[in-house]
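Participant: The structure's right below; bear with me while I get my questions together.
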Amino acid sequence: MQTETIWNDIYAAGPQTSSGKPGLALSQFAGPLRPGSALELGCARGDDAVWLARQGWRVTAVDVSSVALGIAARNAEAAGVSDRIRFEARDLALSCPEGRFDLVTASFLHSPQDWPRGEVLARAAEAVTPGGHILIVEHASRAPWSWSPENTRFPTAEDTLASMQLSPGAWTHRCLCPVARTATGPDGQSATVTDNVLFLQRLR
């Protein structure tokens, strides 16, 4: 099954509106930054893209799912920020948007398929301007409702950083750590899960 079809099915079966809330790590780490240009990889229903636009960022938001992008575009219009967000349908395994960005963000950019995640994140890092930042938030544990097998081995933040093969001395690590949070499942259930946060600033 093609990647787009898999994710279209997932988003078609889920909520069709935005939660109206950004990811906690995004608001914490990007909140103090001076707004500029931002690239979001895997924008889903548009929660983070809309929040960034409301803070004054000019956002390029990418997802492989046309269903997700349709939901995100409607949410951006409802929030009055459509003019600040450009949505793109793109398989990140094949290409990344052109240009440089002051902030690149990727929240829970995982796939049930075999997928070159390290390569995708490495290309995303290349798109960061000198002085800019990349924020990666990823699963570090399995929620009870996850599609991941129970024996899934999740990467540490250090594992993910190593997979990106960044140039030595080109980045400073502002946060490289696990964070616990309470997650809510599709049927309203809750569980404590662990995420990894990688927040890096490009020096050159």
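Participant: Once you've got the GNM for the chain with C-alpha springs shorter than 10 Å, pick whichever of Val81, Val50, Val59 has the biggest mean-square fluctuation.
Facilitator: Result for the chain, Cα springs under 10 Å: Val81 fluctuates most.
Participant: Taking the Cβ-Cβ separation of Glu77 and Asp114 as r and a Förster radius of 35 Å, what is the calculated FRET efficiency to the nearest 0.05? Before the final figure, lay out each step's value.
Facilitator: Working: r = 36 Å, r/R0 = 1.02.
E(calc), rounded to 0.05, equals 0.50.
Participant: On the accessible surface of the chain, probed at 1.4 Å, how many percent belong to carbon and sulfur atoms? Spell out each step's value before the answer.
Facilitator: On the way: 5020 of 10270 Å².
Here it works out to 49 percent.
Participant: How much accessible area per residue does the chain have, in Å², with a 1.4 Å probe? Can you show the working numbers first?
Facilitator: Working: 10270 Å² over 204 residues.
Accessible area per residue: 50 Å².
Participant: Any idea what the dipole of segment 1-112 comes to, in debye rounded to 20, about its Cα centre with Lys/Arg Cβ at +1 and Asp/Glu Cβ at -1? Before the final figure, lay out each step's value.
Facilitator: On the way: 10 positive and 12 negative charges, 79 e Å.
Charge dipole of segment 1-112: 380 debye, to the nearest 20.
Participant: Which far-off residues, 5 or more places away or on another chain, put their amide H under 5 Å from the one on Ser141, with H placed in the peptide plane?
Facilitator: Thr194
Participant: From the phi angles alone, apply the Karplus equation (6.51, -1.76, 1.60; θ = phi - 60°) to segment 21-31 and give each ³J(HN,Hα) in whole Hz, x where the residue is Gly or Pro.
Facilitator: 10, x, x, 4, 5, 4, 5, 5, 8, 8, x
Participant: How charged is the neighbourhood of Gln16? Take every other residue with its Cβ under 10 Å from the Cβ of Gln16, and add Lys/Arg as +1 and Asp/Glu as -1.
Facilitator: On the way: positive: Arg45, Arg74; negative: none.
So the surrounding residues net to +2.
Participant: Which residue, Thr172, Thr194, Thr152, tops the fluctuation ranking in a GNM of the chain built on C-alpha contacts under 10 Å?
Facilitator: Thr152
Participant: Looking at the chain as a GNM with Cα springs under 10 Å, which of Ala12, Ala89, Ala127 has the largest mean-square fluctuation?
Facilitator: The residue with the greatest mean-square fluctuation here is Ala12.
Participant: Give, as ranges by residue number, the residues of segment 33-75 whose backbone N falls under 19 Å from the point 7 Å along Cα→Cβ of Trp147.
Facilitator: 41-47, 62-72
Participant: While we're looking at this one, here's another question. For Arg54, Arg84, Arg153, write out the residues from largest to smallest accessible area, computed with a 1.4 angstrom probe and no ligands counted. Don't skip to the end; give the middle numbers.
Facilitator: Values: Arg54 140, Arg84 80, Arg153 180 Å².
These residues rank, largest area first, as Arg153, Arg54, Arg84.
The values are calculated or read from the model by the stated rules, or taken from the named source; none is laboratory data. All figures in this text were calculated on a predicted structure; none of them were measured in a lab. With ideal geometry, Cβ positions are generated from the backbone for all residues, glycine too; neighbour counts draw on all protein chains shown. To get the accessible areas, we keep the full protein, side chains included, count just its heavy atoms, and leave off ligands, DNA and RNA. Shrake-Rupley method; radii C 1.70, N 1.55, O 1.52, S 1.80 Å.
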